[in-house]
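The values are calculated or read from the model by the stated rules, or taken from the named source; none is laboratory data. A quick note: this is a predicted structure, and the numbers were derived from the prediction, not measured. FYI the Cβ positions are ideal-geometry reconstructions off the backbone, even for glycines, and counts take in every protein chain you see. Only protein heavy atoms, including side chains, enter the accessible area calculation; ligands, DNA and RNA are left aside. Shrake-Rupley method; radii C 1.70, N 1.55, O 1.52, S 1.80 Å.
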Amino acid sequence: MKLLRNSSRGENLIQKLTMLIAGFATIALLATSCGGSSETTDSAPSQSESSSSSQSAAEEPESSSDEEETPTPSQDLEVADDCPTAGDARDDLFPGVMFFSEAQTRCLTDIDWGDRCDVETGRLKLPVVGAPECFAPFSGDNGGQTARGVTEDSITIVYWRWQENDFILNYITGPIANDDTNADAEASLRGLLEYYETYYETYGRKVNLIFYEGTGNVADPISARADAVKIAEEYDPFMVWNGPNLTNAFEDELVSRGIACLACGPSQQIDFYREVDPLSWTFSMSGEQNTLMGVEYVTKQLAGRTAQYAGDESYHNQQRVFGRLYIESGEASVQNNQDFQNQLAENGVDVIETVAYALDPATLQESAASAISKFKSAGVTSVLFSSDPIAMRDFTREATAQGYFPEWVHIGSVLADTTAFARTYDQEQWANAFGITTLSVGVDSLKAGAPFRYRWFFGEPAPADDSLGVIDPWPATFYPIIQGIGPDLTYDNWREGLNRADPTDRRTTSSSFSWGEKGRWPAELEYDFFGNDEVTVFWWDAEAEGRDETDAVGIGMYQYADAGLRYLWGEFPSEPIELFNAETSVDQYDEPPPGQEIPDYEPLPSAG
């Protein structure tokens, strides 16, 4: 495949930041996965990927038996008389819900789908690939106060935003500079709500958004808990989006008070989600899922083969010798790393040297010098790393200083798999970097994605034009789900709706998401509270030119192997995936690839 360079703004990279910073899983994720892959939110399911033919729905913390009676449907949702396809009708629709293809199956021909629906395709008139199906407009009694934070005409949502002067966040994200203010972010989020509420069925309700700026830094548990208490007592929302993602205190306090969280804290171990079910959900893979993916990749693709991609040519004819480098950010990170290495050992793969480090500017250089010395002395040819976005700068520079040039194998770091950060690493070292990532091949943001949709709808860029892709995953996930639930919006229905919803489509330009019991993971990991299910294989092209997440043109780009082919758990082939070949890889698309073209519609007037 032709290598595509110099695309306009890096939609791919904005999408990457979506999942990566969405929930700012930065080190949050690392705290529980042995280095968790960046999400990102590839991205959290965008509205183009949310369930359409099957309705997405939601669940609630308390049993719906204590709630008001389920409201009656807005229209006759029975099967039409003498309908030849009546036997194919679904029996799992929530009351008050009807979507286009199901109406056809039931031979219901008298539904007025409204201006938002393209009745030729049965899908919403949106400029997205695989737009969601049209849902029938609702009228009648929606049940009013079906859950906390829900009334007849509103759903209270709190969006937590970090302080603009948060020194920890600024330290981590410094290389990805943008000038978006919190005021810009709020205006953009409110704009997104208008967009979604114009096209999605919300059963007579609109989101009552509370934009909340945190009172402490993203790692401070005391201020995080205080924020949660204030949010619960002053706003009593249905759900909170986002949070201070270097501490679990915020999420822990909210769910203890019966308030739902959507990616509002560091990804935690699966037992936490089971204990608070149905109150907490996230976009990223779990630590256990990351471990499964990493083990499968290493055992099928790397183990027992020569270190042909190392910078030191003397390693090229040697069978790989593995070392492990990971960020230690708590007990969970240590346990997950041990699980990773234990599973490798069960598959006959040994790790001969393991180094854990802390993200501490005062000690990072010393940690790097010690780690590189250990790897070099042990004869490690291939370093399996799970890191934060900053540390690899120090580790790679130290490796060059010590004349050590191994393979750098990415097994799930956060933001280290974005071009903006990778350009800050020692390029002589990073020319030998490859591995797996949840990120995906992107499309020029002038042609697809959240920035494109915002401009299409409003006729101008979003105020937070640098970070809109970081903000969009929350509404892009929320609206398709409540559309599928119907008027009886409860936490239990949220859970059941996610379980019924089909996985989002599988494409090279986005990751496929699902929650619930979909059979994508081992039985012991389902019900699945974690959205992202796929990874792809990538490598660093030190000579490619293109735009990074900051829209800066520069040298060095991540390339996605096999034209960005993506893998679920169990799908990695045993035959080698070709790396470091620009002819079979792609970095970015200037136009949507074949089969993923964007439909052309005029936007509707805002319903806001």
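On the given criteria, is residue 446 open to solvent by less than 10 Å² (accessible area, probe 1.4 Å) and outside any helix (DSSP H, G or I)?
No: the conditions fail for residue 446.
Could you say which residue among 240, 229 is under 24 Å from residue 151 (Cα atoms) and part of a strand (DSSP E or B)?
After ruling out the rest, the residue left standing is 240.
Which condition breaks for residue 541 when tested against (1) of a type in the set (Asp, Glu); (2) open to solvent by less than 70 Å² (accessible area, probe 1.4 Å); (3) modelled with pLDDT under 95?
Answer for residue 541: the failing condition is (3).
In region 506-517, what count of residues is obtained for those that are among the charged types (D, E, K, R) and surrounded by 18 or more Cβ atoms within 10 Å (Cβ to Cβ)?
1
I'd like the full set of residues that are farther than 13 Å from residue 368 by Cβ, modelled with pLDDT of 95 or more and in a helix (DSSP H, G or I), limited to region 381-421.
Those that are farther than 13 Å from residue 368 by Cβ, modelled with pLDDT of 95 or more and in a helix (DSSP H, G or I): none in region 381-421.
If residue 172 meets every condition in (1) open to solvent by less than 10 Å² (accessible area, probe 1.4 Å); (2) modelled with pLDDT of 95 or more; (3) not in a loop (DSSP other than H, G, I, E, B) apart from one, which number is that one?
(2)
Residues in region 301-308: is at least one among the aliphatic types (A, V, I, L, M) and part of a helix (DSSP H, G or I)?
Yes: region 301-308 contains one or more residues that are among the aliphatic types (A, V, I, L, M) and part of a helix (DSSP H, G or I).
When region 458-480 is examined, which residues are found to be open to solvent by less than 20 Å² (accessible area, probe 1.4 Å), touching a helix residue (DSSP H, G or I) at 6+ places or on another chain (Cβ under 6 Å) and either part of a loop (DSSP other than H, G, I, E, B) or among the hydrophobic types (A, V, I, L, M, F, W, C) (or both)?
Hits for region 458-480 are 462, 464, 468, 470, 471, 472.
Show the residue pairs meeting these rules: Cβ distance below 9 Å; 6+ apart or different chains; first residue within region 254-269 and among the hydroxyl-bearing types (Ser, Thr, Tyr); second residue surrounded by 24 or more Cβ atoms within 10 Å (Cβ to Cβ) and part of a loop (DSSP other than H, G, I, E, B).
Every condition considered, the pairs that remain are 267/33; 267/36; 267/39; 267/245; 267/283; 267/284; 267/285; 267/286.
Does residue 139 meet the test of being of a type in the set (Ser, Thr, Tyr), more than 30 Å from residue 279 (Cβ to Cβ), modelled with pLDDT of 50 or more and not in a loop (DSSP other than H, G, I, E, B)?
The answer is no for residue 139.
For the list (1) open to solvent by 20 Å² or more (accessible area, probe 1.4 Å); (2) more than 22 Å from the chain's Cα centre (by Cα); (3) under 19 Å from residue 168 (Cα atoms), I need the number of the one condition that residue 219 fails.
(2)
If a residue has to be open to solvent by less than 10 Å² (accessible area, probe 1.4 Å) and over 23 Å from the mean Cα position of the chain (by Cα) to count, how many in region 383-400 make the cut?
So the count comes out to 4.
Could you list, in sequence order, the residues of region 370-380 that are among the small types (Gly, Ala, Ser) and assigned to a loop (DSSP other than H, G, I, E, B)?
379
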